[in-house]
1. Could you look through region 137-151, keep only residues that are surrounded by fewer than 24 Cβ atoms within 10 Å (Cβ to Cβ) and in contact with a strand residue (DSSP E or B) (Cβ under 6 Å, 6 or more places away or on another chain), and pick out the one that is nearest to Cys184 (Cα to Cα)?
2. Got at least one residue in region 124-135 being open to solvent by 40 Å² or more (accessible area, probe 1.4 Å) and closer than 14 Å to Pro163 by Cα?
3. Checking Trp72 against (1) in contact (Cβ under 8 Å) with a residue 60 or more places away in the chain; (2) assigned to a strand (DSSP E or B), which single condition isn't satisfied?
4. Residues to consider are Ser99, Ser162, Ser91; find the one that is of a type in the set (S, T, N, Q), open to solvent by 30 Å² or more (accessible area, probe 1.4 Å) and either out of contact with any Gly (no Cβ under 9 Å at 6 or more places or on another chain) or under 30 Å from Thr49 (Cα atoms) (or both).
5. Out of region 142-168, which residues are closer than 30 Å to Ser99 by Cβ and out of contact with any Cys (no Cβ under 9 Å at 6 or more places or on another chain)?
Amino acid sequence: LDKARLAPVRSDLRFSVLAAGESHTCGLAGGGVPLCWGQNLSGQLGDGTRNDQTVPRTVGGGMVFSAIAAGWNHTCGLTANGNAFCWGLNSNGQLGDGSTLDRLEPVLVSGAVSTVVAGSEHSCGISQGSVLCWGGNRFGQLGDDSNVNRGQPVEVVGLPTSPTHLAAGAFHNCALVQGGRAFCWGQNYSGQIGDGTT
């Protein structure tokens, strides 16, 4: 129990947004400044190192974000003008920069988005009435009707109308579309797609 906290730990920082990954946490402090803490083996804290941090550290690059999302070992942030940046583990292209190189500070994702979410090995965003996803795709979580990993965003196929909200699980995603219907895709071993099958 020495490594577990059974009660909340107080922080003197003030955050407007929080996101929790597998073993790291990030938040947006005053003015949208991103800070991260926790495990950093793959650079998911974005501070230019691979050193674990027990207190919040400012993400490198000097950017401010309007939203932040934490995946398994990677993190993505969204600027007010719709540019997504990701950092950390990139073994499956989940950072969206066209490579599979881990990044210790934020790198720009190809294409503008209005929302960004992060799964275990993939990321997604909403862009001009479509959902774009990138990264690992072994369970079809990118929604492009393939199982091919993508280092840059690809469009999700089959959504009948424009998405209004997006959520990412470990290896699946769900989107709300206009009218309130939900559509899901990706791994379905426990029925998480919700179509009555596994």
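1. Gly140
2. yes
3. All conditions are met except number (2).
4. Of Ser99, Ser162, Ser91, the one residue that is of a type in the set (S, T, N, Q), open to solvent by 30 Å² or more (accessible area, probe 1.4 Å) and either out of contact with any Gly (no Cβ under 9 Å at 6 or more places or on another chain) or under 30 Å from Thr49 (Cα atoms) (or both) is Ser91.
5. Asp145, Ser146, Asn147, Val148, Asn149, Gly151, Gln152, Val157, Gly158, Leu159, Pro163
The values are calculated or read from the model by the stated rules, or taken from the named source; none is laboratory data. Note that the structure is a prediction, hence the values are computed from the model and not measured. Quick reminder, even Gly has a Cβ in these numbers, built from the backbone with ideal geometry, and neighbours come from all protein chains shown. Surface accessibility is based on the protein's heavy atoms, side chains included, excluding ligands, DNA and RNA. Shrake-Rupley method; radii C 1.70, N 1.55, O 1.52, S 1.80 Å.
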